[in-house]
Amino acid sequence: MQVNQSPNARRAAVADEVVDIEASNSPQRGSRSLAASRRLVAATVAGALSATALFAFAFNSRSTDMDASSESLNAEIAVPAAAASAAELGFADRSQEVSRSAVRSNLTEAVADENAKERTAALGASAETAAAEEWKSSTAVRDQLMDEDMKLVAAQSEKLRKEAEEAARLLAEAKKAAEEAAAAKAAAAKASASGSGSSKSADVAVSAQDVENLTTKGGSMPVKENYRMGAGFGARGSWSRYHTGQDFPAPTGTPIYAAASGVVLSSSAGGWAGVNVVIQHNNGGSTLYAHMSRKNVSPGATVKAGQLIGYVGNTGRSFGSHLHFEYYEPGVTPGDVYNASNPMSFLRSLGVR
């Protein structure tokens, strides 16, 4: 078992060992020289050991200081000065700066809104001016075109008047034939019941189909599906002067039906109506169906209420696919638009709602 010794004891032991080694390897000298040599060696060894101990102490102290300094340095390096400054600014009181920014933002938005309003007002004024000028020029052009159409209608009026008279005669004959046929049927039934034989049949000048068509009661909507109610009679807008009928916007090809029984007349010569059909009715009035894509009846044909007469289109002076439906009182030439009457009132008189 070894026992720890103090530094001085270790130095003395080492010195004795050195002296013993030197004494055993060197020739014998005088006692005085030997004693001096021992003291010199002991002093040298003691100095070396002291220097070693001092160096070790200094080294240990330096290591401790370096460790502390290193920890402090590492701590400073871990948080750079710029980052620390940013963190301080981040946690600093910025309420005044934020408030100023909000005020600037609000002012900017207010100025932008005001500028936008001014631009919108300027554009609106320009648009209104342009629209007014366009309206004036367009209205003048439409009025001129309609006046030319009215000249064509006036030139056609005599022809349509004669057709209307013939239609009225045909209607009267159909009515008379229907009455005679009913009377003959009643007489035949009476004769058959009494056993007196058959009665004379009525002399009918028109066909049974014409009689059926012309004596059918009631009325029909001119469009029955895929439509909506458009501009009405008397409305003012993009039309020349005012709207002279009832519009039924509907897809091209939508079926169009006769509003009531009657005789087909020649189509109106007015270019505004495009492909159109005119029908003279039992009451002496007539209806006009304008802007058709095509028609499937001809002048002189008889029709009954609800019979197919054509299809919706966009012909003539039309701004979209629709039926333009007009009604003319007895004595008014069909196509003389500024003497037309409300067609919806005519439909209501027929029981159509």
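Here is a check on your reading of the model: is residue 188 in a helix (DSSP H, G or I), at pLDDT below 90 and surrounded by fewer than 17 Cβ atoms within 10 Å (Cβ to Cβ)? It is true that residue 188 is in a helix (DSSP H, G or I), at pLDDT below 90 and surrounded by fewer than 17 Cβ atoms within 10 Å (Cβ to Cβ). Within segment 333-353, residues that are on the phi > 0 side of the Ramachandran plot have Cβ atoms under 9 Å from residues that are of a type in the set (Gly, Ala, Ser) in these pairs: 335/157; 335/267; 335/268; 335/269; 335/270; 335/273; 351/218; 351/219, counting only partners at least 6 apart in sequence or on another chain.
No other residue among 270, 262, 316 is more than 28 Å from residue 169 (Cβ to Cβ) and touching a residue at least 24 places away in the same chain (Cβ under 8 Å) apart from 316. With respect to (1) of a type outside the set (Ser, Thr, Tyr); (2) modelled with pLDDT under 95; (3) in contact with an Asp or Glu (Cβ under 6 Å, 6 or more places away or on another chain), the lone exception for residue 288 is condition (2).
If you go through segment 293-337 and keep only what is under 19 Å from residue 146 (Cα atoms), within 35 Å of the chain's Cα centre (by Cα) and crowded, with 21+ Cβ neighbours inside 10 Å, you end up with 323, 324, 325. For the residues 335, 306, 310, 300, the requirement of being in the same structural domain as residue 217 (by TED's automatic domain parsing), in a strand (DSSP E or B) and touching a strand residue (DSSP E or B) at 6+ places or on another chain (Cβ under 8 Å) singles out 310.
Residues checked against (1) in a helix (DSSP H, G or I); (2) out of contact with any Ser or Thr (no Cβ under 9 Å at 6 or more places or on another chain); (3) under 30 Å from residue 287 (Cα atoms); (4) at pLDDT 75 or above:
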| residue | (1), (2), (3), (4) |
| --- | --- |
| 84 | yes, yes, no, no |
| 109 | yes, yes, no, yes |
| 121 | yes, yes, no, no |
| 132 | yes, yes, no, no |
| 154 | yes, no, yes, yes |
| 165 | yes, yes, yes, yes |
| 198 | no, no, no, no |
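Looking only at segment 218-259, filter to residues that are without any contact (Cβ under 8 Å) to a residue 24 or more places away in the chain and under 22 Å from residue 146 (Cα atoms); which one of those is surrounded by the most Cβ atoms within 10 Å (Cβ to Cβ)? Walk me through it before giving the result.
If we filter segment 218-259 for residues that are without any contact (Cβ under 8 Å) to a residue 24 or more places away in the chain, which is where we start, we get 228-229, 231, 235-237, 242-243.
Of the ones still in play, those that are also under 22 Å from residue 146 (Cα atoms) are 231, 235-237, 242-243.
Values: 231: 19, 235: 14, 236: 9, 237: 7, 242: 13, 243: 21.
Filtering first and then ranking leaves 243.
Looking at segment 314-332 only, could you name the residues that are within 18 Å of residue 142 (Cα to Cα) and not in a strand (DSSP E or B)?
Correct list: 314, 315, 316, 317, 318, 319, 320.
The values are calculated or read from the model by the stated rules, or taken from the named source; none is laboratory data. What you see is a predicted model; the values in this text were computed from it and never measured. No Cβ is skipped: glycine too gets one built from the backbone with ideal geometry, and neighbour counts run over all protein chains shown.
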